[in-house]
Structure formats: structure tokens, C-alpha cells
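Structure, as C-alpha cells:
The values are calculated or read from the model by the stated rules, or taken from the named source; none is laboratory data. This is a predicted model, so every value here is computed, not measured. Neighbour counts run over all protein chains shown; Cβ positions are idealised from the backbone, glycine included.
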Number of protein chains: 2
Amino acid sequence: MQSRTQAAHRPSTRFLSPEDVALIIARTGIAKCLAGMAAYIHQDFLRWNAFDKRARVAHHSPVGVIELMPVADERCYAFKYVNGHPRNFRCDLPTVMAFGVLADVDTGMPELVMELTLTTALRTAAMSAVAARALARADSTTMALIGNGAQSEFQALAFHHLLGIEEFHLFDTDRSATEKLMRNLRGAGVRSKRCASARDAVRGVDIVTTVTADKTNATILTRDMIEPGVHVNAVGGDCPGKTELHADVLRMARVFVEYEPQSRLEGDIQQLPADFPVTELWQVLAGNAAGRVDAAQVTVFDSVGFAVEDYSALRFMRDMADDLGISASISLIPRLADPKDLFGFIRERAGNMRPRAQTARVAVSLAP
Amino acid sequence: MQSRTQAAHRPSTRFLSPEDVALIIARTGIAKCLAGMAAYIHQDFLRWNAFDKRARVAHHSPVGVIELMPVADERCYAFKYVNGHPRNFRCDLPTVMAFGVLADVDTGMPELVMELTLTTALRTAAMSAVAARALARADSTTMALIGNGAQSEFQALAFHHLLGIEEFHLFDTDRSATEKLMRNLRGAGVRSKRCASARDAVRGVDIVTTVTADKTNATILTRDMIEPGVHVNAVGGDCPGKTELHADVLRMARVFVEYEPQSRLEGDIQQLPADFPVTELWQVLAGNAAGRVDAAQVTVFDSVGFAVEDYSALRFMRDMADDLGISASISLIPRLADPKDLFGFIRERAGNMRPRAQTARVAVSLAP
């Protein structure tokens, strides 16, 4: 680990921990963070064709999934590591954990390593709000929030601050999750009520957000639960075999996705044929495609989370850290006196470095 | 950054820096490290079918490549980030820089983040030696080493310690690189001489190793330079558009690869039709396929570097660090009192955390 002063003299990798990100959010205010994150995402979606994009690379096991999500533009390469393990709460770990990296395309140098667990919750909520601003009715004031786990506060606050939603109808199969959400929303200037079922929660609302964790083909919403004019923000169906909407809900709606090749594999539309019509959201933001066309239409944002959003999130948090003077670094890449003399780095340490371990001197066993 | 004692009480991520890895190598001795690394790789190659494998995911730019290399078995997920930027020496950065992660398949928790720049040089050399033990003539004593950059010492020492090579014929277009290599090999118990050309270097040797950096379709070796019985260890042709051998060298030889789907894209065999016969090395190690069949045969190990090798390398270095008591951790994943209350982590920091930056108190701007 290095101090800030050393870091200035070497090709160092900046590091932001969850504590750093929590501090950024606490000091900046979550409303401003959500608005800033949404602005970065919106701007990057307008630069859609500047990115080298691909569907994320997933490793599935019986209990979860681990994914790598790379993306790059001309200057900057970004990737996120993220898992999804619905049963993690049993061992006191979050369902979704993430970290990410920004690197320089011109040298390959990893310039930032940072936590993305908190940041992903923030960016997913900001993404949902960016989509809803384009797709929900402008007069929306109420939202059902189904799934009251780790991401739910961020969703509620994003829709409150960025769309003016005042009233939340909450449902979760785990009653204590809903109670936690209500506690956390106290003082946020919103009304929230616990509902007895998903059906209860969606009755009469303008927007329905589903953000559930089960890795199954669930049917949180069926066609008869969907009222005219509703916008559905479907966040939790984001993995092969993990869906939230009955296929009829998709069939009755105009469906918007982030990146079609990935969403065909992972989104709720995985239930439908490959030619089921969807619109990439960036086309709506850029004015190339229609969003909502009338007040009675049902719109669905079939969100799975795409690498461009993490590119935006990494850059946003880095810039916020800059503004607040939050900075630390880790030693990830060796600093070489001669870049062709990697071996010399070992020799040098053999001579100069004191061991961190308890006893031994540095042995001269390097002599091959 | 956390201390070791704190780390015991939270889901911490272990961290190994280049300084840590240099210390491990210095204290253990490079001969023992190469032998240990080779043993881990060999063992994992015998478990080939236990791994979920895929070709790595590459982002190409005009000046280099950035790759992610994931792999997993039932228990452990590993990935490596690695770049290749031949012109990096101009800004005093290594051509190849890397780091990697080990994670728990059952929870997705990233358990280790570590440097892989030094470690990749070590693992690539160990991999070359594992292949050569199976493919080179058992009486081999001399090796040409073409390309005397950052990886060359590791290659020379691996072939010395694991195959008994005593004499090295060196060539590089950059004379100072060869001089650096000769300096670093002093005291290693080997003979080395600088040659005027690649053709000079390969004359009369038993093994030819090419480990050059140019991202071009180069022709380091042509058919007329290859003598009967030679084993060619082709390390540097590892990327689309980056090759070292004339196609005729491949056509005259039995060709062995790591993972065929990746090598077809990246190896020297990218120059040949998709049905050109190759053998995956693990089949030879497992006794399922023949390696060298007679003393006059030419064998080529068309190495590109595969994720299973990094899985082996990460585990080897972690185990070595354990043995030496080298241990530090980074705070990468938030520790939550309630795994469904991610938002609470921000509230908590707003109350408890002192800012790392120079002036401000923690503002209570979290109140949404």
C-alpha cells in the first residue's frame, strides 16, 4: 500500500473503497449523486456508437452467476466484475457484489480500481430513472416497488428525486425487507405503504418497478395486473433463467432494452422469439426512435444492466472523488527502472525490501 | 486499507502487490518458484475437463490489446486482466501488465486481488517448460532465445532449471536488451552468447524460443532455419495479427496448443486453415495423445497463454504467500450488518467515518 505522496512518482493505480464511495454519497447527498450519475449515463448513451460493445461474459453455477462486463471507447477501457447469488444473505454477504477498473486504452495501464457494490445500486437506479424519464407518463406520481432488498432504497430515491414520484407501494415476500425499506425512507419526503401482495401494490400506480433476486423464471407481474398507461421498470430479470414478467406483459407493451444482443440472452425477453420487436433505449434518447406514443400505452424497460452504465459510473465516482480530494492508491503494477528489465525488479526487492512477515531476513536465494 | 487483524472479522479481499510477489520469489528462490508453478500448471492441465473454458475477451486498439481471461472450476473462479502494448517502453511502462482475481464460486466473493505482471512472466516460462518437457528431445542442452525483453530471463531460467539447458544463444533487434539479459544471467550457472541474427542464434540448437513483442505478422523463423529434431517454443505470437513463425515452419512440424478455440484466433496457426491439425497439450500430458514420436521430428508449442495457467498461477502465489506469512487486504466489498440493507452502509459512514480529505466534516447531506 502506498501513500499519496509516493503515488505521484510512480505509475500508480488509484483505489476507491466502499467506505470512500459511502463518504462521497454522504457528503454530496444522494439526490445530487443520483442526478449526476443519471447525467453521465445519459451523455454516454448519446455516444453509443463510440463504444466497443459486447454481451457480458458469464459463469453460471447452480447457486449463482459471476460476470465480467468490458467496454471501451477510444480513450478509456472499463470493466466490471459482478456476481448474483440470491442465497448469499444466509452467510451475511450481499446478493450482488461488484468492483471495477478503468484503464488507459493507449497503454493498458489500470488507472483505477474501485468498489462497485454501492455504486452499482446507484447506477442501476439512475439508469432506471433515465429510462423512465423517456418512457413513463410525465404526470406520474406513484410507483409500486416489488422487491425491497438491497437496491430498493436507491430505486425509490432515484424516482423521487429525478421523476417526482411521491408515493410508493411496497411489497416483498420478506416482510422485514419492506420494514427496513420503510425505515430507510423515513425523512425522505415520500409516502410509502406496505402492501399485502404484488397485485395490491400495482393497483392504480403509474410506474411498476420489479427488483427481485430469485434466480428463477418467476411471474411477478401477469397481464391482468397491468393497467393502461403504466410504465414497467423491470430490473430483476437479468440472467438466463431469471425473469420477472409473464410473457404476455411483454406482448402487450412497447419494450425497450439497453443492448439488444445481451438482453436477448438475459432480459425478460429471453422468453420470446428472437424477432420480438424491441427498441434500444439510446435510440429514444438520441431522438432516432419513438418512446411512449400515448398516455394509454404500456411501456416496459427490460433492464439487465450494461457495461456502458458502469463506464459512466466509474467515471462519475472518480470525478466526485477528485472534487472531494478523496484519493488513495494500491501497488498493482511494478515500477521498473528499465521497462524491459522485469527481472531486475525481483533482484532489487531481494536487496532492498524488508519482509512484511514476522521473522526472516530477505534471503539471497534469488541467485538462480 | 485494513490491517490483518481487522481483516479476520470481515469478508475481506486479500491483496498481493508486485513487491509481495518479488519478495516471495526472492525468499523462495526462482528455481523453486518455477518448479512449483510448473507443478501447479501440470496438475491443472490434468484436470482439463473440470474447467469452464472460453477464449479470452479482447479489446484491440491501433496500439495494443487489453484482454480479460476468465476460467472456473466447481469451487474457484479466476480471471486475469492483461494488456499488450509493444510501444509502452517509450513511456517507461512494461509491454505486458497484468493483475488477477480469485473468487468463490459459491458466493461470488472476490477473495484475492493480486499483481500478475511478474507472475505472468513466471507462469509463461513455467508453461513453456511443461510443454518442452513433453515435446523437446530429452537430451536437449542448448536453446536459442529470440526476443530478450522482459520475459526472457524467466524463459532462460525455466529451461535451465526444469530441462537442464546449459547454453543460450541470444538475439534481439535491441542490442541493449540482450546485454541486460546477459547481465541478469550472470551467476546463474549457464553459458550465454550474443548472436548477430536470429539465423545465427538457431544454428545447431536443440530448442528455439521466440518471445518477441511486435504486434505484426513477423517472420522470425523460416523453414530453412529449422533443423531436424528441434522443438520450437513460440511464445510471442499470441494475438490476431501478431505472429512469429512462417507458415511453412508450422506445416513441417507437429503443432501443440493450449486451448484450440483460442489458439485458432491468436496463435501462429491463425495463418493456416481451421482444419490444420493441432493437438491440445493436456492430451499429451494425460497420455491421450502422442507428443514427440522420434528424435528427428520438429515440434512446435504454439503458445498464446490460457486462463487455466493463470488459475494455477494465482493459486500457487497465494499458497506461497501463506507459507511465508505474507498477507494484506483491501476493502473492496462493503461489510453489511444486514445484507439486504446496503443503504444502511451509507448512513453508517455518514455518522461514523472521518473524511480522508484535508478539511471538511462529514456533512449530513445524506438525508434525502
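Quick look at the values:
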quantity: Counted residues, region A:214-240 - those being among the hydroxyl-bearing types (Ser, Thr, Tyr) and over 22 Å from the mean Cα position of the chain (by Cα); calculated: 2
quantity: Unique match (being more than 27 Å from residue A:64 (Cβ to Cβ) and not assigned by TED's automatic domain parsing to the domain that holds residue B:226) among B:125, B:103; calculated: B:125
quantity: Out of A:123, A:133, A:137, sole residue that is more than 14 Å from the chain's Cα centre (by Cα), basic (Lys, Arg) and assigned to a helix (DSSP H, G or I); calculated: A:133
quantity: 3 or more residues closer than 22 Å to residue A:150 by Cα and acidic (Asp, Glu): qualifying helices (runs of 4 or more DSSP H) within region A:169-270; calculated: none
quantity: Which listed residue is assigned by TED's automatic domain parsing to the domain that holds residue A:95, surrounded by fewer than 19 Cβ atoms within 10 Å (Cβ to Cβ), at pLDDT 95 or above and not aliphatic (A, V, I, L, M), from A:275, A:248, A:322; calculated: A:322
quantity: Cβ-Cβ under 8 Å pairs, at least 6 apart or on other chains, region B:170-199 side of a type in the set (Val, Ile, Thr), far side part of a loop (DSSP other than H, G, I, E, B) and buried (at least 19 other Cβ atoms within 10 Å of the Cβ); calculated: B:178/B:148; B:178/B:172; B:190/B:165
quantity: Evaluation of residue A:80 against (1) in contact (Cβ under 8 Å) with a residue 60 or more places away in the chain; (2) under 21 Å from residue A:323 (Cβ atoms); (3) charged (D, E, K, R) (one fails), failing number; calculated: (2)
quantity: Inter-residue pairs, beta-carbon under 6 Å, first more than 19 Å from residue B:222 (Cα to Cα) and in region B:134-157, second basic (Lys, Arg), 6+ apart; calculated: B:135/B:292; B:149/A:340; B:150/A:340
quantity: Residue satisfying all of: in region B:96-120; more than 7 Å from chain A (Cβ to nearest Cβ) and in a loop (DSSP other than H, G, I, E, B); surrounded by the fewest Cβ atoms within 10 Å (Cβ to Cβ) among these; calculated: B:96
quantity: Filter pass, residue B:130 being under 24 Å from residue B:321 (Cβ atoms), in contact with a strand residue (DSSP E or B) (Cβ under 6 Å, 6 or more places away or on another chain) and among the β-branched types (Val, Ile, Thr); calculated: no
quantity: Any hit, region B:81-88, residues being charged (D, E, K, R) and either more than 8 Å from chain A (Cβ to nearest Cβ) or under 19 Å from the mean Cα position of the chain (by Cα) (or both); calculated: yes
quantity: Scope region B:49-64; condition more than 8 Å from chain A (Cβ to nearest Cβ) and assigned to a strand (DSSP E or B); matching residues; calculated: B:58, B:60
quantity: Residue within region B:69-76 that is over 27 Å from residue A:346 (Cα atoms), out of contact with any helix residue (DSSP H, G or I) (no Cβ under 8 Å at 6 or more places or on another chain), assigned to a loop (DSSP other than H, G, I, E, B) and not polar (S, T, N, Q) present; calculated: yes
quantity: Evaluation of residue B:217 against (1) farther than 29 Å from residue B:42 by Cα; (2) touching a Ser or Thr at 6+ places or on another chain (Cβ under 6 Å); (3) free of Cβ contacts under 8 Å to residues at least 40 places away in the same chain (one fails), failing number; calculated: (3)
quantity: Residues located in region B:241-264, provided they are under 18 Å from the mean Cα position of the chain (by Cα) and hydrophobic (A, V, I, L, M, F, W, C); calculated: B:256, B:257
quantity: Given (1) touching a helix residue (DSSP H, G or I) at 6+ places or on another chain (Cβ under 7 Å); (2) surrounded by fewer than 24 Cβ atoms within 10 Å (Cβ to Cβ); (3) at the interface with another protein chain (Cβ under 10 Å from one of its Cβ atoms), number of the condition residue B:140 does not satisfy; calculated: (3)
quantity: Residue check for residue B:192: small (Gly, Ala, Ser), over 26 Å from residue B:22 (Cα atoms) and either outside the structural domain of residue B:79 (by TED's automatic domain parsing) or in contact with a helix residue (DSSP H, G or I) (Cβ under 6 Å, 6 or more places away or on another chain) (or both); calculated: no
quantity: Complete set of residues in region B:14-48 that are of a type outside the set (A, V, I, L, M), more than 8 Å from every other protein chain (Cβ to nearest Cβ) and touching a Ser or Thr at 6+ places or on another chain (Cβ under 6 Å); calculated: B:14, B:40, B:44
quantity: Among the residues listed as B:232, B:308, the single one being under 19 Å from residue B:122 (Cβ atoms), among the aliphatic types (A, V, I, L, M) and surrounded by 21 or more Cβ atoms within 10 Å (Cβ to Cβ); calculated: B:308
quantity: One residue from B:214, B:206, B:200 being acidic (Asp, Glu) and buried (at least 20 other Cβ atoms within 10 Å of the Cβ); calculated: B:206
quantity: Subset of region B:29-55 (residues that are within 11 Å of residue B:308 (Cα to Cα) and basic (Lys, Arg)); calculated: B:47, B:53, B:54
quantity: Where a residue in region B:98-117 is within 19 Å of residue A:88 (Cβ to Cβ) and its partner, wherever it lies, is part of a strand (DSSP E or B) and among the basic types (Lys, Arg), with Cβ under 9 Å and at least six apart; calculated: B:101/B:80; B:102/B:14; B:111/B:14; B:112/B:14
quantity: Residues that are among the aromatic types (Phe, Trp, Tyr) and within 14 Å of chain A (Cβ to nearest Cβ), drawn from region B:288-339; calculated: B:311
quantity: Count of residues meeting criterion [within 19 Å of residue B:341 (Cα to Cα) and more than 11 Å from chain B (Cβ to nearest Cβ)] in region A:160-189; calculated: 7
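Residue-by-condition table, conditions (1) among the small types (Gly, Ala, Ser); (2) under 24 Å from residue A:138 (Cα atoms):
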residue	(1), (2)
A:207	no, yes
A:231	no, yes
A:237	yes, no
A:244	no, no
A:263	yes, no
A:280	no, yes
A:303	yes, yes
